[in-house]
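Inspection log for the structure reproduced underneath, given as structure tokens.
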Amino acid sequence: MLRNTALGLIALTACASVELPNLVADDVRLSEGATAQIKQLNVELSEPAARATSAKVEFIGQTATAGEDFTAFSGTVTWPKGEKVAQLALEVRGDSAYEPDETLWVSFSEPEHVLLPNPFFTVTLENDDAYAGADSGYVTPTSYPGKTLVWAEEFDGSSLSSSSWNYETGATGWGNNELQFYRNDPSNVRVDNGRMIITARKEQFGGAEYTSARVTTKGKREFQYGRIDIRAKLPKGQGLWPALWMLGANISQVGWPACGETDIMELIGHQPHKVHGTAHWGVQGSGVSTYRTGTYTLSDGDFSQAYHVFSLVWVENSLQFLVDDQLYHTINVSHVNPATYRHNAPFFFIANIAVGGNWPGAPDASTVFPQSMYVDYIRVFQ
């Protein structure tokens, strides 16, 4: 009896002395691609499993966004006895937007017969979309006869200059029941390769279903009259509303529409071959504007395929709207009661992508995210 007990203790001691393997977690870099694809990730043990081994595994977004850049997953990875390598299937969603490399974590927990000295590893989704550089599309000159270049925003730095730009943030509906939360975040607005890039994403944040960015030059870069050239490449898709526009610098004192509004370029995403130029004005305190709009339509392609230059020629009592130096719309004081014409005063710039709202309506299944507006330069000549 004593002998059997001793043998049992020896057996238990031998069992307890079995060393557990370590999970070997190596970081991985993957090409994101343009469409959804399944990538197999190898997950290794430091030595073959002495018995059935498992751990809980999750894919967690870091700068990559679940549902947009990859498909979220929570489950179990197992290694049968004698096996050393298991595989995880990661669905990479892919897109055609030029953007920074993005990362996610493969996280491990609840180990069974395995040690987790490093409980996660990083998967980097490498951007493989070509940069449509400054030579792709229409370009305007850096000088005009009889005019002086008074401001040139060429986006040459690594971030927006605080001496010129402000960030407007939040999810207030913005007077149009819009669906985005505007953020000051590199995933929504950044400077790269000499361009300002504003990106709208389908992701939950602050109670909103989408994120984007809205930047202004209020109080920093305000102008009265001149020729304005803005070179940009635009997003497209149902529910997207990119705009390059201006508001009267006295908006804090008189409100909208008494401050005046000049929309140098607006595009409604389900009509990516058309842009609109508009001026708004109105009576202080009314909250209702009078406006006139003109539309420019490309004969071929759409505004997401190449850069175009959206220009405003602004003189006393008159606004002229151009695309690639083609005049398509004029507004002057004769179109409105001179007492309510608001465009003979200083204005500041705004650039943003709105998502959803009364106009242009919500995104639908056809809308591809992320979508970006690329602004190559803003130049003001007087």
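Every number in this text was worked out from the coordinates using simple rules, so none of it is lab data. Note that the structure is predicted; figures quoted are calculated from it, not measured. Counting neighbours? That spans all protein chains shown, and the Cβs are built from the backbone with ideal geometry, glycine included.
Counted residue by residue at 0.36 nm each, then reduced by the alpha carbon distance between them, the extension gain from ASP27 to ARG292 reaches 89.8 nm.
With a cut-off of 8 Å between alpha carbons and a minimum separation of six or more residues, what is the relative contact order of the chain in percent?
18 percent
Scalar couplings 3J(HN,Hα) for the stretch 177-192, obtained by applying the Karplus form with A = 6.51, B = -1.76, C = 1.60 to θ = phi - 60°, are 6, 6, 10, 8, 10, 7, 10, 9, 8, x, 6, 10, 8, 7, 10, 8 Hz; x denotes Gly and Pro. From its DSSP helices (H runs of at least four residues, each -39,500 (n - 2.57)), the chain gives a residue-normalised ellipticity at 222 nm of -1500 deg cm²/dmol. Highest-first packing order for the peptide set 183-189, 238-244 is 238-244, 183-189, based on the mean count of other beta carbon atoms within 10 Å.
Treating the angle as unsigned and between 0 and 90°, give the value, to the nearest 10°, between the Cα long axis of helix 2-16 and the longest Cα principal axis of the chain. Here the helix axis deviates by roughly 20 degrees.
Going highest first, how would you order 103-109, 26-32 by mean Cβ packing within 10 Å?
Per-residue mean Cβ counts within 10 Å order the peptides as 103-109, 26-32.
When Rg/Rh (Cα atoms, Kirkwood Rh) is calculated for this entry, the matching label among (i) 1.18; (ii) 1.25; (iii) 0.95 is (i). Over the stretch 15-126, Cα pairs under 8 Å with separation of 6+ residues give a relative contact order of 40 percent. What nm value, rounded to one decimal, do you get for the distance between SER252 and SER74 when each label is placed 7 Å out toward the C-beta? Spacing of the two 7 Å Cα→Cβ label points: 4.5 nm. Considering only beta bridges that DSSP places wholly inside the chain, some 90 percent are antiparallel.
For the stretch 30-152, a Kirkwood radius taken over Cα pairs fed into Stokes-Einstein (25 °C, viscosity 0.890 mPa s) yields D = 140 µm²/s.
Rounded to the nearest 0.05, the FRET efficiency derived from the C-beta distance between ASP300 and SER159 at R0 = 51 Å is 0.90. Once the Cα-Cα distance is subtracted from the 0.36 nm per residue extended length, the THR169 to TYR144 segment shows a gain of 5.4 nm. If a spin label sat at a point 7 angstrom from the Cα of VAL283 along the line to its beta carbon, the backbone N atoms of the stretch 312-353 nearer than 12 Å would be those of 340. The peptide list 339-345, 151-157, put in order of mean Cβ contacts within 10 Å with the highest first, becomes 339-345, 151-157.
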